Structure formats: C-alpha cells, structure tokens
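Have a look at the structure below, then the notes.
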Amino acid sequence: MTDTPPRITLPMRLEALAARAALTLLRRLDPVRASNLGGALCRTIGPYLPASKVADTNLRLAMPELDPIARRTIIRDVWDNLGRTVGEFPHLAHLPQNPTNGPGWDITGAEHLTAQAARGGAAIFVSGHIGNWEMLPPAVARHGLPFASFYRAAGNPLIDGMIRTLRDAAIGTSVPLFAKGARGARGALAHVARGGRLGMLMDQKMNDGIEARLFGQSAMTAPALASIALRYRCPIIPGYVERLGPARLRIHVQAPLALPNSGDRQADILALTQAVNNRLESWIRAHPGAWLWVHRRWPKSVYRRGI
C-alpha cells in the first residue's frame, strides 16, 4: 500500500513561489551577506514573537541565575543564529573547509571520524539544534561518512522538495530520510542492522518518550537512539556546530559515548539517554545563544503556570 500524494493547493503554490524567490535572493548574495541578512531580519522581528515568551520561560527554568537583561540578550542571539542558519543554507554545499579567513568551516576531533571510517559498520551521530546544525551532515560526509537521518517533512510538499534538494547538494549524495514515528523508527532500525549510519538530533520533546533530566528538570526524551545503539552495540559519536561568525563555523566531534551493559536493558536505555542529555546540556551551557530555546522542551504544566 502506497501513501497518497498530498493535493497541491493554490496557497501552497504561492507559498512555494515566495520561498523560491527568497532562496534566489540568498543565492545571489555571498555567504556572509546572506548570513547577515538572515540574522538581521530574525533578531529584529523574533524577540516580539510569542515564541520568545516560551524562550524566556525556558531560560528561567533551566538557568535561573540569569537576570532579565541576560535572558533578553540570549533570546536575541537565538533569533540571530536561526536567521543566519537559514541565510547560510543555500551556500552549505560550497563553503570551503579550513579557510584562512572569511566563510567556511573547520573541525575539531576529526580523528574520531577517521577511526569510524576505518572501522566501518553502523554508527550513530548525535547532536542538537545548536549553531548551524545543518552543517553537520555535509561535514561528516566529507570525511567519508554520509548518514541517514530522522526527518519531519515540511507541511508544503513543494517547499519540502526544495529543502531536500539543498540538503542532498550539501551532502553530495542522496541519503535515506526516516519519518518521525513508529514507521520511521522501524526503517532506521533496519538501516542500522544493515550496517548503516544514522544521525539524530536529540534535543526536542517527545511526549511518548522516557523521563530523563535536562537542566535538572524532567524532560521526556526519545529512547530510540539508546535502544538502537544498545541492540547493535554500535558507537554513538556526539558533536555540535559552533558559530564563529557569519557563515564561519566550527564542527566539534567528540569521542564515542560509553555504552552501558548492566544486564538491565531498560536501565541501560535510561542511563544512555541521560548521558546524551548531559552532553547536550554541557554544549548549551557553553553556547546558550546558539540553541533553540523557542521550543517547548519541558512538560506543558511549566508553560501553563510560568516560572
């Protein structure tokens, strides 16, 4: 049984036309100017959007030591980074590695990628929405390790096609994409069972996940990463992207996480999931303005009552 393609409506076509025009403009700008334009627009408009109230609540919950001025600065930085990430997206395929100055990217911990390429076999790359997270798949692919990903399709299929085309161009090849949910999880499991590589962003709420901790608070977290890694005993390689400037990025790759083996599978899944959350928290604390504080990461009750 095949899925029925969604009907393309006139509003979808108009939305796609506007998106294509924006992409054309960004492509015509050089990477630095595209980044600066995206950052300027988002940091000007973003702080006035309702999502900024969510971000403020998140910051008061996670980092209560911050005063209102510090929180406002971080929220402005969040929007600036998001806008720059969008502005840089059409240029990722052409950003040079190790530039002496100007736009491009470099990498720390490349030895962990080299070791995995030499080992071969299944591996899971884990990160979060930090810095320009879209640079992770192409950077890892350029070290011989293109990976499949979980993917939430855009609501407009025409725009979704544009996004997929840009991602494939940046990676240099087409990679499997698994829809979030039970069906996608089965596909990802089979992919890893065949020795495939998988990338996961683990910093978003999953209502039917397991209860781990993040910034000392209960945070429902997807157990799939831990479950797959423990089942196949494949390495989990953590990493994130640090923004150094407009279209200037540094990818940090870290040593594989230790895989618990206590004999209690559920306890091991929770312990490994918690280890991932701990790593995410350490990155976010080091670069608080680079994370997407604007999404509702904690229980609904937090946002109903405020802090």
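Quick check: is even one residue across region 153-174 touching a Ser or Thr at 6+ places or on another chain (Cβ under 7 Å) and closer than 17 Å to Ile237 by Cβ? Explain how you work it out, then say what you get.
Start the filter on region 153-174 by keeping residues that are touching a Ser or Thr at 6+ places or on another chain (Cβ under 7 Å), which leaves 168.
Next, from what is left, pick out any that are closer than 17 Å to Ile237 by Cβ: none.
The answer is no; no qualifying residue exists.
Tell me, please, whether a residue that is closer than 19 Å to Trp133 by Cα, in contact with a strand residue (DSSP E or B) (Cβ under 6 Å, 6 or more places away or on another chain), open to solvent by less than 50 Å² (accessible area, probe 1.4 Å) and of a type in the set (Val, Ile, Thr) can be found in region 97-107.
yes
May I ask you to verify whether Arg183 is without any contact (Cβ under 8 Å) to a residue 24 or more places away in the chain and out of contact with any Cys (no Cβ under 6 Å at 6 or more places or on another chain)? Even if it seems obvious, please write down each step before you answer.
Working: without any contact (Cβ under 8 Å) to a residue 24 or more places away in the chain: yes; out of contact with any Cys (no Cβ under 6 Å at 6 or more places or on another chain): yes.
Against the criterion (without any contact (Cβ under 8 Å) to a residue 24 or more places away in the chain and out of contact with any Cys (no Cβ under 6 Å at 6 or more places or on another chain)), Arg183 qualifies.
Quick check on Met135: is it under 26 Å from Pro246 (Cα atoms), in a helix (DSSP H, G or I) and touching a strand residue (DSSP E or B) at 6+ places or on another chain (Cβ under 9 Å)? I'd like the intermediate steps shown before the answer.
On the way: under 26 Å from Pro246 (Cα atoms): yes; in a helix (DSSP H, G or I): yes; touching a strand residue (DSSP E or B) at 6+ places or on another chain (Cβ under 9 Å): yes.
Answer is yes for this residue.
Only one of Ala18, Ala22, Ala110 is out of contact with any strand residue (DSSP E or B) (no Cβ under 7 Å at 6 or more places or on another chain) and either touching a residue at least 40 places away in the same chain (Cβ under 8 Å) or surrounded by 13 or more Cβ atoms within 10 Å (Cβ to Cβ) (or both); which? Before the answer, list the steps.
Numbers: Ala18 fails: either touching a residue at least 40 places away in the same chain (Cβ under 8 Å) or surrounded by 13 or more Cβ atoms within 10 Å (Cβ to Cβ) (or both); Ala110 fails: out of contact with any strand residue (DSSP E or B) (no Cβ under 7 Å at 6 or more places or on another chain).
After ruling out the rest, the residue left standing is Ala22.
Where in region 223-307 are there helices (runs of 4 or more DSSP H), lying fully within it, with 3 or more residues that are among the β-branched types (Val, Ile, Thr) and under 19 Å from the mean Cα position of the chain (by Cα)? Break it down into steps so the answer makes sense when it comes.
Values: elements: 224-232, 265-286, 300-305.
Ranges flagged: 265-286.
Determine if region 61-70 includes at least one residue that is open to solvent by 40 Å² or more (accessible area, probe 1.4 Å) and under 23 Å from Ala170 (Cβ atoms).
Restricting attention to region 61-70, the residues satisfying the condition of being open to solvent by 40 Å² or more (accessible area, probe 1.4 Å) are 64-65, 67-69.
After this cut, where a residue has to be under 23 Å from Ala170 (Cβ atoms) as well, the list is none.
Scanning region 61-70, I find no residue that is open to solvent by 40 Å² or more (accessible area, probe 1.4 Å) and under 23 Å from Ala170 (Cβ atoms), so the answer is no.
For region 148-159, name all the residues that are within 24 Å of Leu189 (Cα to Cα) and free of Cβ contacts under 8 Å to residues at least 24 places away in the same chain. Let's see the steps before the verdict.
The initial filter retains those residues of region 148-159 that are within 24 Å of Leu189 (Cα to Cα), namely 148-154.
Within region 148-159, Ala154 is the sole residue that qualifies.
Among the residues of region 188-206, are any without any contact (Cβ under 8 Å) to a residue 24 or more places away in the chain, under 18 Å from the mean Cα position of the chain (by Cα), surrounded by fewer than 20 Cβ atoms within 10 Å (Cβ to Cβ) and under 23 Å from Asp268 (Cβ atoms)?
Checked region 188-206: at least one residue is without any contact (Cβ under 8 Å) to a residue 24 or more places away in the chain, under 18 Å from the mean Cα position of the chain (by Cα), surrounded by fewer than 20 Cβ atoms within 10 Å (Cβ to Cβ) and under 23 Å from Asp268 (Cβ atoms).
The values are calculated or read from the model by the stated rules, or taken from the named source; none is laboratory data. The model shown is predicted, which means the values in this text are computed figures rather than measured ones. A quick note on method: Cβ atoms are made from the backbone with ideal geometry, for glycine too, and the neighbour counts reach across all protein chains shown. Heads up: the accessible areas ignore ligands, DNA and RNA and are worked out on the full protein's heavy atoms, side chains in. Shrake-Rupley method; radii C 1.70, N 1.55, O 1.52, S 1.80 Å.
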